[in-house]
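A quick write-up on the structure given underneath.
The values are calculated or read from the model by the stated rules, or taken from the named source; none is laboratory data. Keep in mind the model is a prediction, meaning the values are calculated, not measured. Backbone-built Cβ (ideal geometry, glycine too); neighbour counts: all protein chains shown. Keep in mind that these areas ignore ligands, DNA and RNA; they rest on the heavy atoms of the full protein, side chains included. Shrake-Rupley method; radii C 1.70, N 1.55, O 1.52, S 1.80 Å.
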Amino acid sequence: MVVLLFALPALAGSPRFVDYVYIEANEGGSSGGHAAMRLGEETYHFQHEHPGLLRLHRDGWEHFRDAYGVLENRTMHVSRVAVSDATYEQL
């Protein structure tokens with residue numbers, strides 16, 4: 001019980017994380033690579049839509065990972081960045 005009481009202040013000051021996700025290019029329509037930002041279980045990324053628009057999309061992480069990493073068989077690189085609570089909330 002004493003150990004848990006000492007751990008509480010450390011948990012309160014723990015940083016939050018934002019993941020920068022880079023998806024490698026593929027042949028065809030994916031020849032330029034792709035990037036996204038993951039906050040918790042939500043993933044934000046831009047997609048090209050007809051007629052030349054870029055639209056911000058929000059997908060659950062599992063759906064995003066399956067769509068790009070499994071179905072499109074593209075390699076994904078994730079960089080985890082520690083941010084303050086204020087920065088996380090602004091993002």
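Going through the stretch 64-79 one residue at a time, which ones are loosely packed, with under 11 Cβ neighbours inside 10 Å and farther than 12 Å from HIS34 by Cβ? If the condition is that a residue be loosely packed, with under 11 Cβ neighbours inside 10 Å and farther than 12 Å from HIS34 by Cβ, then VAL70, LEU71, ASN73, SER79 are the ones that fit. Of everything in the stretch 26-37 that is open to solvent by 40 Å² or more (accessible area, probe 1.4 Å) and in contact (Cβ under 8 Å) with a residue 24 or more places away in the chain, the residue that is farthest from LEU91 (Cα to Cα) is ASN26. For the stretch 43-63: of the residues being within 27 Å of PRO15 (Cα to Cα) and among the charged types (D, E, K, R), which is least open to solvent (accessible area, probe 1.4 Å)? Once the filter is applied, the top-ranked residue is ASP59. Scanning the stretch 40-83 for residues that are among the aliphatic types (A, V, I, L, M) and either in contact with a Cys (Cβ under 7 Å, 6 or more places away or on another chain) or touching a residue at least 12 places away in the same chain (Cβ under 8 Å) (or both) yields LEU56, MET76, VAL78, VAL81, ALA82, VAL83.
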